[in-house]
1. For the stretch 36-48, check the following and say yes or no: at least one residue is under 14 Å from the mean Cα position of the chain (by Cα) and aromatic (F, W, Y).
2. If I go through the stretch 1-16 residue by residue, how many of them are of a type in the set (A, V, I, L, M) and assigned to a helix (DSSP H, G or I)?
3. Consider C105 against the criteria (1) out of contact with any Lys or Arg (no Cβ under 9 Å at 6 or more places or on another chain); (2) under 23 Å from R22 (Cα atoms); (3) buried (at least 19 other Cβ atoms within 10 Å of the Cβ): it satisfies all of them except one. Which criterion is unmet?
4. Going by what's in this entry, would L151 be described as farther than 26 Å from R16 by Cβ and of a type in the set (A, V, I, L, M, F, W, C)?
5. Filter the stretch 53-71 down to residues that are polar (S, T, N, Q) and in contact (Cβ under 8 Å) with a residue 40 or more places away in the chain and give me whichever is surrounded by the most Cβ atoms within 10 Å (Cβ to Cβ).
6. Can you name the residue in the stretch 33-73 that is out of contact with any Leu (no Cβ under 8 Å at 6 or more places or on another chain) and polar (S, T, N, Q) and, of all such residues, is farthest from V122 (Cα to Cα)?
7. I'd like to check which helices (runs of 4 or more DSSP H) are fully inside the stretch 75-159 and have at least 1 residues that are of a type outside the set (D, E, K, R), in contact with a Phe, Trp or Tyr (Cβ under 9 Å, 6 or more places away or on another chain) and over 18 Å from H61 (Cβ atoms).
Amino acid sequence: MASFEEVLEHAGCERRVIEHCRAVAGVALTFTLKVPVNTELVLAGAWLHDIGRSKTHGIAHGQIGADICRELGYSERIARIVECHIGAGLTREECRRLGLEPRDCVPSTLEEKIVAHADNIVKDAREISIDECIARAAPLGPDVQKRLRDLADEIERLR
């Protein structure tokens, strides 16, 4: 079976995307050490969360990546992690307004939330502060910033 890195390479992801996914997987792992969570699922989702960037670097990469995972035969649980990793998630209505398929892309399982948060606090291949993450979301408005803060507050307690 191919490694996640090989899957990303085969899909056409750039090296910088692969390095980002590696860093997100490392950070995500730190949230799994003290709680009963499916670590293999978290790692798979973290490694594959940006596979959709092989097709687009736009906001649609989450949904596209989930579809790629489904086509490659990955479980629906992995596809949902990929689909729900954008920020603190996107509601069906937000997806519609953004021109995406109107899907519920809000993380609900602990594994989905861990990967979304880990991605939020990794810029390129380095971990950033929660405050920096939230400041970077300022153009998206206070509602998005609040959801990011709420997700961070929930997940950071796991470390």
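The values are calculated or read from the model by the stated rules, or taken from the named source; none is laboratory data. Predicted, not measured: the structure shown is a model, and the values here were computed from it. Cβ placement follows ideal geometry from the backbone for every residue including glycine, while neighbour counts extend to all protein chains displayed.
1. Yes, some residue in the stretch 36-48 is under 14 Å from the mean Cα position of the chain (by Cα) and aromatic (F, W, Y).
2. Going through the stretch 1-16 one residue at a time, the tally reaches 3.
3. For C105, the exception is condition (1).
4. no
5. Kept after step one, since they are polar (S, T, N, Q), are these residues of the stretch 53-71: 54, 56, 63.
Checking which are in contact (Cβ under 8 Å) with a residue 40 or more places away in the chain leaves us with 54, 63.
Values: S54: 19, Q63: 22.
By that ranking, first place goes to Q63.
6. Looking at the filtered set, the residue picked out is N38.
7. Fully inside the stretch 75-159 and qualifying: 110-120, 142-156.
Matching residues to (1) out of contact with any helix residue (DSSP H, G or I) (no Cβ under 6 Å at 6 or more places or on another chain); (2) modelled with pLDDT of 95 or more; (3) farther than 15 Å from V7 by Cα; (4) not in a helix (DSSP H, G or I):
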position: I18; (1), (2), (3), (4): no, yes, no, no
position: A23; (1), (2), (3), (4): yes, yes, yes, no
position: G26; (1), (2), (3), (4): yes, yes, yes, no
position: L41; (1), (2), (3), (4): no, yes, yes, no
position: W47; (1), (2), (3), (4): no, yes, no, no
position: G62; (1), (2), (3), (4): no, yes, yes, no
position: A66; (1), (2), (3), (4): no, yes, no, no
position: R70; (1), (2), (3), (4): no, yes, no, no
position: G73; (1), (2), (3), (4): yes, yes, no, yes
